[in-house]
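Written out below as structure tokens is the structure these notes cover.
The values are calculated or read from the model by the stated rules, or taken from the named source; none is laboratory data. Bear in mind that the values here come from a model prediction, so they are computed numbers and not experimental data. Glycine also receives a Cβ, built like all others from the backbone with ideal geometry; neighbour counts cover every protein chain displayed.
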Amino acid sequence: MGGVAKGSTGVAGGRATEGTGGTVHGIGAVEMALRHAGKGYVPGVKATDVFASWIGKPPVNGTAEAIAEGRAPPAWQRLSAGDGTKGPRLYDWSHLELADLDAAAFDGLSNGLWTRGLRIRRSISDGERAYFSTWCPAGTAMPADPGRCGGASLGG
């Protein structure tokens, strides 16, 4: 699973644009299939994948890595990614909402708004980061288990 956005994606002049690599609005085929099935998701993506906000969200546009580098300290929260052999695996997490979209446009069954987002995990020991695309019901806060979103878990 991966490759949320390849090349230039997002919105130009208020109109959605199609990216390269078979993506539309930066959404790959696997993510679109999950949307059509009415499923939330949290797949890993590359640092070089491009994300853009639109439809009333704060302006964000760039690679996952560049967006992470621009996040202010208050945008990060220290949360566990689950228990390891030595206790909780703590990381710093940041989540950005990129767009609220009508779920019915994707699966015809779901009602209401769902939010596409970018979630970033940063190691507290060495600063190494991992990036995740999210699709959750609108208003879903970063859960106590940040690897979950709309019933899905990290990796899909």
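General observations
- Residue count, region 118-156 (criterion: in a strand (DSSP E or B), aliphatic (A, V, I, L, M), over 19 Å from residue 51 (Cα atoms) and at pLDDT 65 or above): 0
- The single condition from (1) more than 15 Å from residue 146 (Cα to Cα); (2) in contact with a strand residue (DSSP E or B) (Cβ under 6 Å, 6 or more places away or on another chain); (3) of a type outside the set (D, E, K, R) that residue 73 fails is (2).
- Residue in region 26-37 that is over 17 Å from residue 128 (Cα atoms), at pLDDT below 70 and surrounded by fewer than 17 Cβ atoms within 10 Å (Cβ to Cβ) present: no
- Selection status of residue 84, closer than 22 Å to residue 32 by Cα, small (Gly, Ala, Ser), surrounded by fewer than 17 Cβ atoms within 10 Å (Cβ to Cβ) and more than 17 Å from the chain's Cα centre (by Cα): no
- Members of region 61-95 that are of a type in the set (Gly, Ala, Ser), assigned to a strand (DSSP E or B) and touching a residue at least 60 places away in the same chain (Cβ under 8 Å): 80, 81, 82
- If only residues of region 97-114 that are closer than 14 Å to residue 34 by Cβ and in contact with a Phe, Trp or Tyr (Cβ under 9 Å, 6 or more places away or on another chain) are counted, the one that is modelled with the lowest pLDDT is 106.
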